[in-house]
Amino acid sequence: MRGLNETFIKDLQNGELAIFLDKVKKDDTLCLEIRENYINIYYRGGSMFRIEQYKEKYKILFDLNYCTNRTHSKYLSNISKIETHAEWAESIPLLKAEMDSYFFEHPKHEREYQQLVLRANNNNIIAKDTDYYFVDMEYANSLNRSRFDLVAIKWLSESITRRNADNINLAFIEMKYGDGALSGEAGIQKHIQDLNKFMSDSSNIDAIQEEMETVFNQKIRLGLIPSVSKEIKINKNTKSEFILLIANHKPAKSVLKREISLAMNTIEYKELVKKCDLKIATASFMGYGLYNNCMRNIEDFLDEL
């Protein structure tokens, strides 16, 4: 189950890992995601650091597969020799350069846009006015084989609603970048099938609600959601949302209408709509902020295509 133990949290707040938390808070190109007693620090949607607890110490891992740029190869060949947390933290600009080179040759647009959306709704100046906060990015559970691009909580920004922190519900979000991602083995139909299977077991829902509540509240404690200061409680009696977040669809193409239509004609879709609300996100002008008024029921949206 995702979440950090008390020692890990305190070491991030004012202990030996505080330098990393400080770097994340002062650099909005980085984001910190909480796992099961380890954390990932992401840059452009790629994991820059994996920091895991090992007995009374912490192991810091950087994926050397990012190091395709030979300009710094002499330094990076010795990266495993870095001994102190301060040296790792100070290496961030260099590691960013290596990751930039890697992403130029091997672009990961979908993951990069996931992080941009997360930043806009969690950390940006507009975050206090949007209706969704992100709890996790690149969620994966090996036990039930579930995977979600993003998991959020829906917490309406109206002043009366925002004061109530114990009536929150979850939103599972799948991001698709470009029309090529809408079909095939990882397309819209496959996500409908997978989510229906996941939600058919009530224990999965109970577990992820508890898990995401813990993670979000720990993010609050760590100061990773600047506009929120009080802990939240997820209402387990409300329906979750499944949101399609589609970036850069070409309106003249028919693939989006076709894939939604095909998905809606499946047994899995008809079962899923009984368990959660299926929506598609539309933009508030050209931004990344997610607003309840811009969420369209997927069937109504299809009628307008």
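Details
- Given (1) within 22 Å of Phe8 (Cβ to Cβ); (2) surrounded by fewer than 15 Cβ atoms within 10 Å (Cβ to Cβ); (3) modelled with pLDDT under 90, number of the condition Ala97 does not satisfy: (1)
- Single residue of Ile188, Ile192, Ile208, Ile125 found to be under 21 Å from Lys233 (Cα atoms) and either in contact with a Ser or Thr (Cβ under 6 Å, 6 or more places away or on another chain) or in the same structural domain as Ile267 (by TED's automatic domain parsing) (or both): Ile208
- Filter result for Ala86 (in a helix (DSSP H, G or I), more than 25 Å from Ile208 (Cβ to Cβ) and touching a residue at least 40 places away in the same chain (Cβ under 8 Å)): yes
- Residue in segment 161-184 that is more than 19 Å from Gly46 (Cα to Cα), at pLDDT 95 or above and of a type in the set (Val, Ile, Thr) present: no
- When Thr214, Thr161, Thr238 are checked against the criterion of being among the hydroxyl-bearing types (Ser, Thr, Tyr), in a helix (DSSP H, G or I) and closer than 24 Å to Cys294 by Cα, Thr161 stands alone in meeting it.
- A Cβ distance below 8 Å, combined with a sequence gap of six or more or placement on separate chains, defines the contacts here; from segment 98-126, residues that are under 23 Å from Val151 (Cβ atoms) reach residues that are among the acidic types (Asp, Glu) and crowded, with 18+ Cβ neighbours inside 10 Å in the pairs Glu110/Asp149; Arg111/Glu138; Gln114/Glu138; Gln114/Asp149.
- Number of the exception - Asp277 against (1) at pLDDT below 95; (2) more than 19 Å from the chain's Cα centre (by Cα): (1)
- Of everything listed in (1) of a type in the set (Ser, Thr, Tyr); (2) farther than 24 Å from Lys233 by Cβ; (3) in contact (Cβ under 8 Å) with a residue 60 or more places away in the chain, the single unmet condition for Tyr133 is (2).
The values are calculated or read from the model by the stated rules, or taken from the named source; none is laboratory data. If you're wondering where the values come from, they're calculated on a predicted model, not measured in any experiment. Backbone-built Cβ (ideal geometry, glycine too); neighbour counts: all protein chains shown.
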